[in-house]
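Derivation of every value follows stated rules applied to the coordinates shown; laboratory data play no part. Small disclaimer: the values here were computed from a predicted structure and weren't measured. Virtual Cβ from ideal backbone geometry, glycine too; neighbours counted across all protein chains shown.
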Amino acid sequence: MNYFPDEVLEHVFDFITSHKDRNSVSLVCKSWHKIERYSRQRVFIGNCYSISPERLIARFPGLKSLTLKGKPHFADFNLVPHDWGGFVYPWIKALAKSRIGLEELRLKRMVVSDESLELLSKSFVNFKSLVLVSCEGFTTDGLAAIAANCRFLRELDLQENEVDDHRGHWLSCFPESCTSLISLNFACLRGEVNLGALERLVSRSPNLKSLRLNRAVPLDTLQKLLMRAPQLVDLGIGSYVHDPFSEVYNKLKIAIQRCKSIRSLSGFLEVAPHCMSAIYPICGNLTFLNLSYAPGLHGNKLMKLIQHCRKLQRLWILDCIGDKGLGVVALTCKELQELRVFPSDPFGAGNAAVTEEGLVLVSAGCPKLNSLLYFCQQMTNAALITVAKNCPNFIRFRLCILDPIKPDPVTNQPLDEGFGAIVQSCKGLKRLSLSGLLTDQVFLYIGMYAEQLEMLSIAFAADSDKGMLYVLNGCKKLRKLEIRDCPFGDAALLEDVGKYETMRSLWMSSCEVTLGGCKSVAEKMPSLNVEIIDECEQMEFNLDDKQKVDKMYLYRTLVGHRKDAPEYVSIL
Amino acid sequence: MSPPLLGVEEEGIQSNVTLLGSSGSMESVCQNSAELKERNYMGLSDCSSVDSSVFSPPSEERKASLNLKATELRLGLPGLQSPERNPELCLLSSSQLDEKPLFPLHPSSDGHCFASQKNVVSGNKRGFSDAMDGFSEGKFLSDSKVDVMLSPRPSSNFGAQPMKAKEITSQNVVHDRPHAADKTRPNPNASANNNSGAPANKAQVVGWPPIRSFRKNSLASASKNTDEVDGKAGPGALFVKVSMDGAPYLRKVDLKNYTKYQELSSALEKMFSCFTIGQYGSHGTSSRELLSESKLKDLLHGSEYVLTYEDKDGDWMLVGDVPWE
């Protein structure tokens, strides 16, 4: 293999883009490792505490694009306290000091301060792309710095972040010379924006392909923007409220018809449902439709809209679509691959909306379905078995029954058999989330059949340690395991501590593991950080090893204990 | 031709039989899958566990687990005393829930009792099912048309409701949280394992259903802006903070109780009368005798007090310009 000069190998490696493959390449031999490392431009770090910025910089001097994830997944659901960690500032600071020419930064579940955004904007001349997903800690001032200082910015994509909105002069901070924007998504911002500045920005961005507006952008502005950007491929509508007989509405209809390239539509953060007909002309080409923030759209209007979307591949919707609406989806969207049904009324008294019937209909009508997130009132084993038969191609299957320990309402049995059928049938299943009444049995099935499973989320399930043991022993490719409120204790935790080094992380909260058990793991595996999160600070008063641990998060790391943990986190 | 074939087949069958025989107590499926797993083992995983030891015959497992159920270890959720807990819940729901400072998710304050008895299969989840009953009582949406986000937001175009940006509806179960304040709340279910018997006045379960807070908050505020036509006009109350210059504390009024400005004005006067008593009393008359509504009105109108409110743009406006609806 070393018969080729380095440049040739480098050229070959250019074609290898997936992170996993490049990682494998780097393990072949020393010279491959060296070539790969100098030519590597994109790095993905799934847990920001598994490695340090200094080591990253040392190994990949040619780094251009960095993806970082911070808090554990359950932080999305408020199970992780506010200042647990995941700060991006040290990374940006270290990168800024180095000679790395960072061009792209993608962050998920991290704490991003205005200071870090400002430093980012000033330190990298060629910075092109900032994507923040589910982050927090910054304000629109930070965005202003990015807008003002990143002269070649192509992408500013903010998804579901908690941003302190100081009311919008940040858009005006894009200089007149900035004409490079390809993607601008500020749908999650809550405040006003300078509409004039927005219009001018869009006018001078001929390459703009993706534009997602926030709620503060009214319809007449939308119409003007669409007139200036008919080349859009991805559109997120902010406010869609107007009088169907108005001048604005007519102009909008004309503008939309010019946008023949739109393939992805989202938003409708405010919607007057009787005006959806203007959208119909572009529905036929849509491959992605996200109406999950539009509770105002339901019933017949919604169904009529969907009936126009014959090419849909991904649909994100609220459960007010109902089983009947899902039937319409099943009849219309034959190309559907991904379906996400969110609850419109998470704590409601069964007003919603979807049950196992809707899911069965979709599975029957959409054989290409491979990714599911489904919040529903109830589920039956029979339905799951049918779904498994109809759709053997699931890669992601996440089911959330709003009452998490609800049995099959028809037979009153646990849902073990149903989920068992799913894992047995879907041989490529990589991600699974369980809910409903479940015993150890379902975990036996998972361990036996879910050979490709990489991520498993368990809540309020199982009867004993056996459940966890089945999974740990059976799922060879498991990378992330997150468990809450299950009766798994030290016996399960300690059975095979070596396994955790093969995984990214393990989260266990409100289970039966004790402080002693956790200490034992930490002792045996120095390459793991075992964090005990104890907000009530009970651990301080009672250091009894037999005490149950409320929240434990362990992850493999090459850099030992982190230094930025708050007081209520002890790293064993 | 057939005899040799037969011979081959026989051999084949025999070898199969042998295989089954050697697998002993394990079901062949298990055996095969375990073997397959060994072969596909990529070597990247350092997993040192012995697979086959776990795969004791499933049927036996099932039997064992059934027996175990009776003696299973139960979570320390306060579910074991479910029947006793319910009265507690009822008590709490009517009087104390409003005062819970720690939980932004307030159940409705109009006395809905959480606990309805529910048959639960396993004890370690009983606590949760009771909690979920509590959820079903609370109403997610209110019919308020006003923007209630704790951080200022543009409210919808619906109705001319330029009321204070600081309104809070008590009916709203899913309360959008201030970003900082929420995080300092200790996890109520942390106590689940401590057997402290912490009753489910912490009846909501943190983190369930598993939806991102951003989405939850967005839906919560969106619901406040939806039309009443939706049919979700429940018995919501529209509480507004009222402050009077110089008063040591603020008051809250339910705007739903009034149908015109005059009523609101008199109610407010009554509410804040106590602060002017001192003033009145200093004129040398007994407050008790002379505290009549009209006199108070005069006092209040004679003074510099006027009713103003802060609208969604943050401007102070005089009450009375906009029609009441």
Legend entry - Residue count, the range A:122-145 (criterion: surrounded by fewer than 21 Cβ atoms within 10 Å (Cβ to Cβ) and over 19 Å from the mean Cα position of the chain (by Cα)): 7
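Residue by residue, here is whether (1) touching a strand residue (DSSP E or B) at 6+ places or on another chain (Cβ under 8 Å); (2) surrounded by fewer than 20 Cβ atoms within 10 Å (Cβ to Cβ); (3) away from chain B (no Cβ under 14 Å) holds:
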{"position": "A:Y49", "(1), (2), (3)": "yes, no, yes"}
{"position": "A:A58", "(1), (2), (3)": "no, yes, yes"}
{"position": "A:L63", "(1), (2), (3)": "yes, no, yes"}
{"position": "A:G70", "(1), (2), (3)": "yes, no, yes"}
{"position": "A:H82", "(1), (2), (3)": "no, yes, no"}
{"position": "A:S98", "(1), (2), (3)": "no, yes, yes"}
{"position": "A:E104", "(1), (2), (3)": "yes, no, yes"}
Inset, instruction - Considering only the range A:6-43, state which residues are exposed (fewer than 13 other Cβ atoms within 10 Å of the Cβ) and outside any helix (DSSP H, G or I). - result: A:F15, A:T17, A:S18, A:L27, A:V28, A:C29
Inset, instruction - Count, please, the residues in the range A:432-459 that happen to be facing chain B (nearest Cβ under 8 Å) and β-branched (V, I, T). - result: 1
Legend entry - For A:A491: the one exception among (1) out of contact with any helix residue (DSSP H, G or I) (no Cβ under 6 Å at 6 or more places or on another chain); (2) part of a helix (DSSP H, G or I); (3) among the aliphatic types (A, V, I, L, M): (1)
Inset, instruction - Please go through the range A:206-265 and pick out each residue that is more than 26 Å from the chain's Cα centre (by Cα), among the acidic types (D, E) and farther than 19 Å from A:N194 by Cα. - result: A:D243, A:E247
Inset, instruction - Residues that are among the aromatic types (F, W, Y): find the helices (runs of 4 or more DSSP H) completely inside the range A:240-310 holding 1 or more of those. - result: A:247-258, A:280-283
Inset, instruction - Inspect all residues belonging to the range A:545-559 and state whether any of them is within 13 Å of another protein chain (Cβ to nearest Cβ), in a loop (DSSP other than H, G, I, E, B), touching a Lys or Arg at 6+ places or on another chain (Cβ under 7 Å) and in contact (Cβ under 8 Å) with a residue 12 or more places away in the chain. - result: no
Inset, instruction - Could you list all residues from the range A:355-370 that are crowded, with 19+ Cβ neighbours inside 10 Å and either under 16 Å from A:L399 (Cβ atoms) or of a type in the set (S, T, N, Q) (or both)? - result: A:T355, A:E356, A:G358, A:L359, A:V360, A:L361, A:V362, A:S363, A:L369, A:N370
Legend entry - Selection within the range A:162-185 - within 14 Å of another protein chain (Cβ to nearest Cβ), surrounded by fewer than 20 Cβ atoms within 10 Å (Cβ to Cβ) and part of a loop (DSSP other than H, G, I, E, B): A:H166, A:R167
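Does A:P404 count as within 14 Å of another protein chain (Cβ to nearest Cβ), at negative phi and buried (at least 19 other Cβ atoms within 10 Å of the Cβ)?
yes
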Legend entry - Looking only at the range A:460-477, and only at residues there that are more than 8 Å from every other protein chain (Cβ to nearest Cβ) and under 19 Å from A:L399 (Cβ atoms), the one that is surrounded by the fewest Cβ atoms within 10 Å (Cβ to Cβ): A:V471
Inset, instruction - Give the residue, chosen from A:V362, A:V410, A:V329, that is part of a loop (DSSP other than H, G, I, E, B) and farther than 27 Å from A:E482 by Cα. - result: A:V410
Inset, instruction - Examine the range A:375-391 for a residue that is among the hydrophobic types (A, V, I, L, M, F, W, C), crowded, with 18+ Cβ neighbours inside 10 Å and within 27 Å of A:I237 (Cβ to Cβ), and state whether such a residue exists. - result: yes
Inset, instruction - Among residues belonging to the range A:290-322 that are charged (D, E, K, R) and touching a Pro at 6+ places or on another chain (Cβ under 8 Å), point out the one that is nearest to the other protein chains (Cβ to nearest Cβ). - result: A:D319
